[in-house]
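In what follows, a structure is listed as structure tokens, so that the remarks can point back to it.
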Amino acid sequence: MGTDSRAAGALLARARTLHLQTGNLLNWGRLRKKCPSTHSEELRDCIQKTLNEWSSQISPDLVREFPDVLECTVSHAVEKINPDEREEMKVSAKLFIVGSNSSSSTRNAVDMACSVLGVAQLDSVIIASPPIEDGVNLSLEHLQPYWEELENLVQSKKIVAIGTSDLDKTQLEQLYQWAQVKPNSNQVNLASCCVMPPDLTAFAKQFDIQLLTHNDPKELLSEASFQEALQESIPDIQAHEWVPLWLLRYSVIVKSRGIIKSKGYILQAKRRGS
């Protein structure tokens, strides 16, 4: 692992952007040894194992090239959707904005998910609430730039339906009234409320918005936890230089049977100052 780590460290010292994708976690086999207890634990485990696997397969040619953008993946787990089976699959994603204040992250994430899965369009994308400063309440203003980008992606037929996460009735109503493309779903975290709030339920029913449940933590991936995972996998690196911009979690479900055919994570990180 020492030589692998040194090669990976040398590449990361020169690169500006890191694209990390796990491939289909159901294809990981021996890499998935234990059942993680939380989504954050699963994600951190996935980041480390993807980095380890990628490090062990770096070709001498890549080290000579020193590319600006590193594509870090578990190659044997990559699985595109068979075009003949596309109509039978529902491709859903949830996007988490981590360290980016650029709405272009939304387009980058969707484009990369389509490319990874070999599809022209995602059926559904839910955006988690973007990060805001402590003590500040999420407002429509925080959501608008990301939602506008999602609307553009719906209009260009890259996404069919878009939804939100953790909005209360007031926030959802403000977004609904302002938006050109209306949210078709809103996820509610049952850890924060065991019963759906009646005002939210009534509003969602009136405007045909699906209320879904989730159990993601408020912060699925922090800058610090990403840097720790990076440092543990590749000790020869200045991990504090790397900032995760966004994270997308996808799932591919066989519509007729409701079973998961594929699921995984895609992440983009940048080196500070690049």
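We did not get these values from a lab; they are worked out from the coordinates using the rules stated. Here the structure is a predicted model, which means the values were calculated and not measured. Cβ atoms come from the backbone with ideal geometry, glycine included; neighbour counts cover every protein chain shown.
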Go ahead and run the numbers for FRET between residue 144 and residue 168, Cβ-Cβ distance against an R0 of 25 Å, rounding to 0.05. 0.90
Distant-in-sequence amide H partners of residue 166 (H built 1.01 Å from N, under 5 Å): 187, 188, 189
How would you classify segment 42-86 from its alpha-carbon gyration tensor, with a ≥ b ≥ c the square roots of the eigenvalues: rounded for a/c under 1.5, else prolate if a/b is greater than b/c, otherwise oblate? oblate
Whole-Hz couplings from phi, Karplus 6.51/-1.76/1.60, listed for segment 223-228; x for Gly and Pro: 4, 5, 5, 5, 5, 5
Along the Cα→Cβ direction, 7 angstrom out, place labels at residue 16 and residue 228. What is the inter-label distance in nm? 3.1 nm
Residue-span extension gain [residue 121 to residue 90] - 0.36 nm each, minus C-alpha spacing: 10.1 nm
With label points built 7 Å along Cα→Cβ from the Cα atoms of residue 104 and residue 154, find their separation and express it in nm. 2.4 nm
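Applying 1/(1 + (r/R0)^6) with R0 = 41 Å to the Cβ-Cβ distance of residue 133 and residue 62, what FRET efficiency is obtained, to the nearest 0.05?
Efficiency, rounded to the nearest 0.05: 0.55.
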If you average the C-alpha positions of segment 185-254 and of segment 50-120 separately, how far apart do those two centres end up, in angstrom? 18 Å
Longest principal axis of the chain (C-alpha) makes with the long axis of helix 2-14 (C-alpha) an angle, in degrees to the nearest 10, of 60 degrees
Strictly over 23 Å apart at the Cα level, which of 158/261; 205/263; 90/157; 80/218; 90/169 would you flag in this model? 205/263; 80/218; 90/169
Choose one of 70, 26, 142: the residue whose Cα lies farthest towards the positive end of the charge dipole of the chain (beta-carbon charges +1 Lys, Arg; -1 Asp, Glu; about the Cα centre). 26
Helix 39-55 axis, angle to the chain major axis (alpha carbon atoms, nearest 10°): 30 degrees
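Of the trypsin sites (Lys or Arg not before Pro) in segment 151-252, which ones lie in a loop per DSSP and count no more than 12 other C-beta atoms within 10 Å?
Loop-located and lightly packed - 157, 218.
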Cα-based helix-to-principal-axis angle, 140-155 vs the chain, degrees rounded to 10: 80 degrees
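With +1 on the Cβ of every Lys and Arg and -1 on the Cβ of every Asp and Glu, and nothing else charged, how large is the dipole of segment 1-269 about its Cα centre, in debye rounded to the nearest 20? Could the numbers behind the result be given before it?
Working: 26 positive and 34 negative charges, 172 e Å.
With Lys and Arg at +1 and Asp and Glu at -1, about 820 debye.
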J(HN,Hα) series, segment 62-74, from Karplus relation 6.51 cos²θ - 1.76 cosθ + 1.60, nearest Hz, glycine and proline x: 5, 5, 6, 6, 6, x, 5, 10, 9, 9, 10, 8, 9
Can you give me the pair-distance distribution of segment 164-274, C-alpha pairs, 5 Å bins, whole percents? 2, 9, 15, 14, 14, 15, 13, 9, 6, 3, 0, 0
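First check a/c for the chain, with a ≥ b ≥ c the square roots of the eigenvalues of its C-alpha gyration tensor; if it is under 1.5, answer rounded, and if not, answer prolate when a/b is larger than b/c or oblate otherwise.
Working: a/c = 1.86, a/b = 1.57, b/c = 1.18.
Prolate, because a/c is 1.5 or more and a/b exceeds b/c.
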Out of all DSSP beta bridges with both ends in the chain, state the antiparallel percent to the nearest 5. 55 percent
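Determine, from the Cβ-Cβ distance of residue 178 and residue 80 and an R0 of 45 Å, the FRET efficiency 1/(1 + (r/R0)^6), rounded to the nearest 0.05.
Values: r = 37 Å, r/R0 = 0.81.
Efficiency, rounded to the nearest 0.05: 0.75.
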From the phi angles alone, apply the Karplus equation (6.51, -1.76, 1.60; θ = phi - 60°) to segment 265-272 and give each ³J(HN,Hα) in whole Hz, x where the residue is Gly or Pro. 10, 10, 9, 10, 10, 10, 7, 4
Simple spin-label model, 7 Å along Cα-to-Cβ: residue 208 to residue 238 in nm? 5.5 nm
